[in-house]
Amino acid sequence: MQKARTPLTLGWEAAKANAVPALIIQALMLALLIAYYTNPSVARALQRLAEFKREHGLPFVIVASVTAGALIPELFLILFFQRGRPHRGNLRNLLFTIPVWGFDGSLVDLMYRSFAGWFGDVVTVPVVCTKILLDQFGYNPFFAAPFGVLTYEWKNNGVSLGPVRDLFTWKHYRDKIIPTLVATWAVWIPLMAIIYSLPLALQFPLFGLALSFWVLLLTYMTNRFAGKIEADALLALSVAE
């Protein structure tokens, strides 16, 4: 008889299933961080991106979040899994993912700006570690993970009120939020160390880049392993911060 899997085991299995895309994302982000501090050309290019973000504020945040979290993954799905043929399901997906990722991105940007105001826009070990702890062990378990799981369950259940009622039970948190957190931490703690090691104006643009790669690769993984690790991959996909 197969042994029952615990929430921690489910989360760890999801993290292992997504290990390759996670390492790719982390390597790309680390390369950008090193290049920013060592290559003047890369630093200038990223500073121009930072200035563009400063000039356009919230509209930039919303457009970047929607593009990275909704439009690119849906286009990827159409091109590689639907043979370039869009259908109504894609429009339904976008009607759901566009507001979700626009809202999520706005909250992430607000969090980054709040942390910079509280602890300073400086790159020191104590400041970076404090921001990571509050982000991954405060914002994530108390809002980001429950919100992400709720929104995807809400969509998959035909906009039913059931997931909303279940949200406030310990069983729901134990069985669904904890596995999501374990899978998320394995990827995003290293990414947060990289993002918080950059100036504030670059933190959200780099988050958007990581989000885009993360959702794209997990979309591929979910389809490739459908029926084998589909449930676990969905847990990781549901929350990307």
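The values are calculated or read from the model by the stated rules, or taken from the named source; none is laboratory data. Since this is a predicted model, take the numbers as computed values, not measurements. Quick reminder, even Gly has a Cβ in these numbers, built from the backbone with ideal geometry, and neighbours come from all protein chains shown.
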Those residues that are surrounded by fewer than 15 Cβ atoms within 10 Å (Cβ to Cβ), at pLDDT below 90 and among the β-branched types (V, I, T), I need them from region 15-48; list them, please. V20, I24
Yes or no: G117 on the phi > 0 side of the Ramachandran plot, surrounded by fewer than 16 Cβ atoms within 10 Å (Cβ to Cβ) and small (G, A, S)? no
Modelled with pLDDT of 90 or more and either more than 21 Å from the chain's Cα centre (by Cα) or farther than 22 Å from Y139 by Cα (or both) - does that describe any residue in region 109-117? yes
Which of (1) exposed (fewer than 15 other Cβ atoms within 10 Å of the Cβ); (2) within 20 Å of L150 (Cα to Cα) is the odd one out, the single condition F96 does not satisfy? (1)
Residue that is farthest from G105 (Cα to Cα), among those in region 50-71 that are more than 14 Å from the chain's Cα centre (by Cα) and surrounded by 15 or more Cβ atoms within 10 Å (Cβ to Cβ): A50
Go over the candidates I24, I34 one by one and state the one that is part of a helix (DSSP H, G or I) and within 20 Å of the chain's Cα centre (by Cα). I24
In this structure, does L237 turn out to be closer than 19 Å to L23 by Cβ and either at pLDDT below 90 or not in a helix (DSSP H, G or I) (or both)? yes
Would region 122-142 turn up any residue that is more than 18 Å from the chain's Cα centre (by Cα), modelled with pLDDT under 80 and hydrophobic (A, V, I, L, M, F, W, C)? no
In region 149-167, is there at least one residue being under 22 Å from the mean Cα position of the chain (by Cα) and modelled with pLDDT of 80 or more? no
Does any residue of region 49-65 turn out to be closer than 13 Å to A201 by Cα, touching a Lys or Arg at 6+ places or on another chain (Cβ under 7 Å), of a type outside the set (D, E) and in a helix (DSSP H, G or I)? yes
